[in-house]
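Computed from the coordinates by the stated procedures, all read-outs in this text should not be read as laboratory data. What you see is a predicted model; the values in this text were computed from it and never measured. A quick note on method: Cβ atoms are made from the backbone with ideal geometry, for glycine too, and the neighbour counts reach across all protein chains shown.
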Amino acid sequence: MIKIVDLHKYYGELEVLKGINKEIKKGEVVAIIGPSGSGKSTFLRCLNLLEEPTNGHIYIDGIDILDKKTDINKVREEKIGMVFQHFNLFPHKTVLENLTLGPIKIKNFTQKEAEIIAFELLEKVGLKEKAYVYPNSLSGGQKQRIAIARALAMKPSILLFDEPTSALDPEVVNEVLEVMKTLVKEGMTMLVVTHEMGFAKNVASRVFFMDRGNILEDDEPKKIFENPSHERTKEFLSKVL
Ligand code: ADP
Ligand code: MG
């Protein structure tokens, strides 16, 4: 589903991604862990072209998304959903509008069609009663569940999460993780940058350990957590576990 070939990213002189090669299959749930500044966010942002890779290739469903002929917006908006640490909901739109805007504007859904889907998704994330309120009246956990619903409204084939629970109070982290687990059960392909080692260990099917612009380790969770191959991974895990 995703094929990444020799992906490099520089910010000026700083090389942040140092030639990443990976393939991710449909239905895989990849947890990306690693120290701050190792390039995790940049990696995700390159996948949906929020950042322009300096070189390399990214294929999504066989389409080379860096090919000049590819309609980047279409790929970004229709194939790949992204959920951010700070939710990024539209503050001046109701919850329902947050969910229907994209499908109406980009997928040419009618208002009615978009609302039917939006209510299904609100039901799924357990927030049907919040359809007509504004985001600022929601708790952090509720905002993040709405942000997930909004991403799903575009029917993406891949969902990217960049530290979806890092900005949340501890007591609401679980409600967001529960929604994410539901998506995993449904077979959604997901890449999740996270500090939730429980999620990486128990929910992900695969873990990437990123260090200084490389994916140093790529293995099943059990192997990474119980018997990591690299000293850097051991050192990192000893600090976070
Ligand atoms: P992580 O998500 O693992 O903490 P990032 O991908 O955010 O790491 O950052 C990797 C490196 O790139 C860091 O050194 C960071 O300072 C740098 N960086 C990130 N974004 C930019 C940017 N827009 N301009 C310049 N440097 C950046
Ligand atoms: Mg980051």
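Provide the FRET efficiency to the nearest 0.05 for the Lys105-Ser137 pair, computing r from the beta carbons and using R0 = 30 Å. List each step's numbers first, then the result.
Numbers: r = 24 Å, r/R0 = 0.82.
It comes to 0.75.
Quick one: plug the Kirkwood hydrodynamic radius of the chain (C-alpha pairs) into Stokes-Einstein at 10 °C, 1.306 mPa s, and report D in µm²/s.
Values: Rh = 18.5 Å.
Diffusion coefficient, whole number: 86 µm²/s.
R0 = 41 Å: FRET efficiency of Thr182 with Glu13, Cβ-based, nearest 0.05? Could you put the intermediate results ahead of the total?
On the way: r = 43 Å, r/R0 = 1.06.
E between Thr182 and Glu13, to the nearest 0.05, is 0.40.
Angle, helix 170-185 long axis vs. longest principal axis of the chain, Cα atoms, 0 to 90°, nearest 10?
90
If you take the Cα atoms of segment 1-95, find Rg, then find the Kirkwood Rh from the mean of 1/r over all pairs, what is Rg/Rh?
Numbers: Rg = 14.3 Å, Rh = 14.6 Å.
Looking at segment 1-95, the ratio lands at 0.98.
Write out the chymotrypsin sites (Phe, Trp or Tyr not before Pro) in segment 73-135 meeting two conditions: DSSP loop, and at most 11 other Cβ atoms within 10 Å of their Cβ.
Values: sites: Phe84, Phe87, Phe109, Phe119, Tyr132; in loops: Phe84, Phe87, Phe109, Tyr132.
Those satisfying the criteria are Tyr132.
Restricting the calculation to Cα positions, tell me the Rg (one decimal) and the Dmax (whole number) of segment 50-114 in Å.
Values for segment 50-114 (Cα only, Rg and Dmax): 14.6, 42 Å.
Over segment 98-241, what lengths in whole Å, largest first, do the semi-axes of the equivalent ellipsoid take, defined as the square roots of 5 times the eigenvalues of the alpha-carbon gyration tensor? Don't skip to the end; give the middle numbers.
Values: eigenvalues 222, 54, 30 Å².
Those come to 33, 16, 12 Å.
As a quick test, which of the pairs Lys26/Lys181; Lys105/Lys181; Lys130/Lys181 have an alpha carbon distance above 26 angstrom in this structure? Let's see the in-between values first.
Values: Lys26/Lys181 16 Å; Lys105/Lys181 29 Å; Lys130/Lys181 22 Å.
From Lys26/Lys181; Lys105/Lys181; Lys130/Lys181, over 26 Å: Lys105/Lys181.
Length gain on complete extension for the stretch Leu241 to Glu123, per 0.36 nm per residue less the alpha carbon to alpha carbon distance? Write out the running numbers ahead of the final one.
Numbers: separation 118, 0.36 × 118 = 42.48 nm, distance 3.44 nm.
Taking 0.36 nm per residue and subtracting the Cα distance, the gain is 39.0 nm.
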